[in-house]
Every structure is written in C-alpha cells, then in structure tokens.
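In what follows, a structure is listed as structure tokens, so that the remarks can point back to it.
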Amino acid sequence: MYGNLSVIDIDNQGKKLEQEDPAKVAEFEAKIAAGKKIEPQDWMPWEYRRQLTRMIEQHAHSEIIGALPEGTWITRAPGFRRKLALMAKVQDEVGHAQLLYSAAETLGKTREEMVNDLINGKSKYSNVFNYPAITWADSAIIAWLIDAGAIVNQVTNSKGSYGPYCRALERICYEESFHLKYGHDNVVHLATGTPTQRQMVQEALNRWWEPIMHFFGPPDKMSVHTEKLERWKVKLASNDQMRQAFLDMYIPKIWELGLTIPDPAMRKNNDTGRWEYTEPDWDEFKRVINGDGPCNEERLSVRRYAEEKGKWVKRALLNKQERYVAPLA
Ligand code: BYC
C-alpha cells in the first residue's frame with residue numbers, strides 16, 4: 001500500500017507529472033541531475049515510483065523464474081563438480097530475487113502483491129525464461145550469454161538514481177560476473193570438445209540467439225518507457241545501446257570459439273561503429289512476454305505450486321509461537 005492507496009489505485013490514478021507540485025518535481029529532478037540518489041523516504045513523483053516498481057518487480061520475477069530453466073539441469077549436470085557449481089548459481093539467482101523484492105518493497109508494493117501479480121500472470125518477467133533448456137549446452141549458453149547480457153544492463157543501471165535498486169544491482173553484478181565465468185567455462189569445454197559436443201553447443205546457440213537479441217527490449221523506436229526512464233536516470237542507456245554494447249563484447253568471443261552466429265547479416269559497420277543484423281521477430285517477442293511462449297504456462301504453474309505447497313513454511317516462520325505439522329503431500 002502507498003499510504004491509503006493500493007497499487008491498483010496507483011495504476012488507475014497514476015498521477016501524471018503535470019499534476020504534481022511543480023516545485024517538488026523541479027527539486028527532485030535537480031537532485032537527479034546533480035547525480036544524487038533518491039532514497040525511499042524522499043519525495044518522488046508518482047510516475048517515478050510506479051515506473052521503478054514495475055521495473056524492479058519485473059527484474060525480481062525474472063530472477064526467480066530464471067532459476068527454473070537452469071534448475072532443471074541440477075540433477076543431470078555432467079559430474080559432481082558441475083552439479084555443485086550449478087546449484088550454487090541457481091541459489092544465487094533466487095537470492096537476487098530476494099534482494100530485488102526488498103528494493104521494490106521500499107516503494108510501497110508488498111511482496112505478497114508482487115507474488116500474486118506474478119502467479120496470476122499480471123506482471124511480466126524476462127522473455128528469455130519462457131524457453132526450454134533442452135540440452136546441457138542450453139544451460140551453458142544461458143549461464144554465459146544471458147548472464148553476460150544481464151551484466152551489461154545491470155552494471156550500467158547500477159549508476160542510476162534510485163538508491164536501493166542501485167545497491168542491489170551492485171551486489172548482484174559481483175555474483176553475476178562469477179556466473180559468467182562458470183558459463184564461459186562450460187561453453188569453452190563444449191566448443192573445444194568432440195564433434196558431438198561442438199554440434200550440441202552450436203545448436204543451443206542457434207536456439208537462444210533470437211531470445212538473447214530480444215532480452216534487451218524492443219528497438220528504441222518501439223520502446224514505451226525508455227525516454228522517461230532515461231530522463232530520471234533509472235535507465236542509463238537505451239535498449240539499442242545495451243544490445244550494441246553486448247554485441248561489441250560478445251560477438252568476437254563467440255567467433256573466437258569457432259561458433260557461428262545464426263544470422264548471416266551480422267557484421268560490424270566500421271563507418272558507423274554499429275553492429276548490423278537481421279531484426280529479430282518482434283511479434284514473437286510480444287507474444288512471449290504477454291504469456292504465449294513455449295514455457296510460460298509451465299513456469300507459472302511451478303511458481304503456483306511452490307506458493308501453495310510452501311504456505312505452511314511461511315506461516316511457521318512468521319508465527320514462531322504456533323506449532324505446525326507439515327502436510328504429507
Ligand atoms: N522481457 O518500453 P520498454 C537474469 C517489456 S534476470 C520481458 O523498452 P523498459 C538471470 C517492458 O516491460 C535479469 N518484457 O521497457 C536470471 C514493457 O512492458 P510493460 C533480467 C520486456 O522497461 C536467472 C514493454 O516490453 N533483467 O539475468 O524501458 C538466471 C516495452 O518495453 C522485455 C532485467 O529485468 C524483456 N526482455 O526496458 C540467469 C533488467 N523487454 O511493463 C540470468 C531490468 C521489454 O509496459 N529491466 N519488455 O507491460 C530493464 O532494464 C528494462 O525493464 C528493459 C526494458 C530493458 C528489460
């Protein structure tokens with residue numbers, strides 16, 4: 001709740017910037033322009049609060065749902081050491097969700113409201129986690145390239161204006177950079193292995209390439225929120241700028257391993273300094289983020305199951321005086 005207003009009221013009333021006290025807005029914007037952080041107790045426009053809540057909440061959901069595709073490989077990872085490493089990574093991702101839910105809570109929306117919005121399909125989470133990790137190589141590509149994309153985004157935005165989100169991002173990035181090394185090691189192992197392993201990792205790259213291109217969000221000309229978020233230094237770079245930064249860093253590394261980018265048009269234009277590529281299918285992106293991807297239903301049903309079956313644990317933790325007996329099934 002925000003004072004007497006529920007999140008839904010905020011969504012419906014969503015005070016526009018013009019309706020806010022102009023003096024307060026000017027002071028707020030001057031603070032951001034001066035590079036100062038906004039903290040939870042500070043005055044902020046409703047729209048800033050609403051936008052941050054939306055973005056941090058989606059990010060938290062992405063971490064918790066993001067644990068699922070790789071999580072399915074914990075029991076099947078090749079060898080005990082890889083099982084241990086993957087288990088630690090997945091645990092980290094769930095920990096990131098906890099940090100981010102806490103940061104989002106400082107803006108007024110309760111964790112319960114956020115979890116409900118996730119399992120009821122109201123909130124979004126990253127497109128990439130609605131695809132299956134079919135082989136061990138898929139889990140390697142996720143850990144390398146999706147974590148790489150996440151780092152590009154999060155290192156940039158950790159310099160942003162909202163204190164609790166920036167601090168959470170900084171801490172998350174330390175762990176993500178470790179995940180990246182783990183993912184790179186797995187991909188190198190496969191790419192320098194037997195012909196079957198090379199084929200497996202190439203096929204995984206082919207499957208994940210388009211979702212990875214989608215990961216940074218729609219092209220700037222189609223982005224709804226970028227302008228406002230950049231003005232308030234929540235986003236420090238646009239979707240296209242982040243995508244370009246990722247391509248700049250990782251295309252050479254992918255090529256170095258002898259892997260092929262499944263887009264014959266991919267090339268760096270040395271005159272503009274920009275990567276040119278075939279535009280990924282943005283209709284597919286829209287379908288996936290709006291609930292109609294290959295695994296959306298499965299992902300949310302796992303979360304619903306966890307919520308339902310884990311209720312007694314929460315009750316036991318929250319009411320320490322009471323005695324609980326765990327349900328048998
Ligand atoms: N997926 O106006 P736009 C991880 C939506 S987890 C789904 O450009 P914005 C990991 C967008 O929400 C790290 N939806 O939006 C975890 C908006 O819809 P609504 C995940 C997307 O906010 C476990 C609409 O499209 N990272 O790495 O300016 C294991 C219009 O877009 C996506 C974050 O969450 C997408 N990819 O920019 C391994 C980073 N892109 O809300 C790894 C935080 C766009 O109006 N988020 N949409 O209904 C951000 O940086 C920004 O929100 C985005 C989008 C760049 C993603």
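The values are calculated or read from the model by the stated rules, or taken from the named source; none is laboratory data. The structure displayed is predicted, hence computed values, not measured ones. All Cβ positions, glycine included, derive from the backbone under ideal geometry; neighbour counts span all protein chains shown. With ligands, DNA and RNA removed, areas are computed over all heavy atoms of the protein, side chains included. Shrake-Rupley method; radii C 1.70, N 1.55, O 1.52, S 1.80 Å.
Charge dipole of the stretch 163-205 (Cα centre as origin; +1 on each Lys and Arg Cβ, -1 on each Asp and Glu Cβ, all else neutral): 40 debye, rounded to the nearest 20. Between the amide H of M266 and those of T278, distances stay under 5 Å, these residues lying 5 or more places away or on another chain, with hydrogens modeled in the peptide plane.
The loop-placed trypsin sites (Lys or Arg not before Pro) in the stretch 30-133, going by DSSP, that have at most 14 neighbouring Cβ atoms within 10 Å of their Cβ come out as K36, R76, K122. Residue by residue, the stretch 76-92 carries 3J(HN,Hα) couplings of 10, 4, x, x, 5, 4, 5, 4, 4, 5, 5, 4, 5, 5, 4, 4, 4 Hz when phi is fed to the Karplus relation 6.51 cos²θ - 1.76 cosθ + 1.60 (θ = phi - 60°); x denotes Gly or Pro. Applying the Karplus relation 6.51 cos²θ - 1.76 cosθ + 1.60 with θ = phi - 60° to the stretch 99-114 yields 3J(HN,Hα) values of 4, 6, 4, 5, 5, 5, 4, 5, 8, x, 7, 7, 5, 4, 4, 5 Hz, where x marks Gly and Pro. Just so you know, the Rg over Rh for the stretch 72-121 is 1.19, from Cα atoms, with Rh as the Kirkwood radius.
Per residue, the stretch 43-318 exposes an accessible area of 46 Å² to a 1.4 Å probe, with every protein chain left in place. Going by a ≥ b ≥ c, the root eigenvalues of the Cα gyration tensor, does the chain fall in the rounded group (a/c under 1.5), the prolate group (a/b larger than b/c) or the oblate group? It comes out oblate by the Cα gyration axes.
For the chain, the share of accessible area belonging to carbon and sulfur comes to 55 percent (1.4 Å probe, ligands and nucleic acids excluded). A probe of 1.4 angstrom, applied to the heavy atoms of all protein chains, finds R267 with accessible area near 120 square angstrom.
How much of the pair distance distribution for the stretch 33-87 lies past 19 Å, counting alpha-carbon pairs only, in percent? Of all Cα-Cα distances in the stretch 33-87, 55 percent exceed 19 Å. Of F285, F80, the order by accessible heavy-atom surface (1.4 Å probe, DNA, RNA and ligands excluded), from most exposed downward, is F80, F285. 3J(HN,Hα) along the stretch 254-262: 5, 4, 4, 7, x, 8, 10, 6, x Hz, from the Karplus curve 6.51 cos²θ - 1.76 cosθ + 1.60 with θ = phi - 60°, whole Hz, x for Gly and Pro.
Dividing the Cα radius of gyration of the stretch 138-249 by its Kirkwood radius returns 1.04 for Rg/Rh.
With just the Cα atoms defining each centre, how far is the stretch 93-154 from the stretch 240-267? Give it in Å. Result: 24 Å between the Cα centres.
Rg over Rh for the stretch 210-285 works out to 0.99, both radii taken from alpha-carbon positions and Rh defined as the Kirkwood radius. Within the same chain, lysines fewer than 8 places from K228 are excluded, and of the rest, those with a Cα less than 22 Å from its Cα are K15, K16, K24, K31, K36, K37, K109, K124, K159, K286. The H on the amide N of I38, modeled in the peptide plane, is under 5 Å from the matching H of Y162, G163, each at least 5 residues off or on a different chain. Check R274: other-chain or 5+ apart residues with amide H under 5 Å from its amide H, H built from backbone geometry? So R274 has HN proximity to N269. Between K286 and T75, how high is the FRET efficiency from 1/(1 + (r/R0)^6) when r is the Cβ-Cβ distance and R₀ = 30 Å? Nearest 0.05. Here the calculated transfer efficiency is 0.30.
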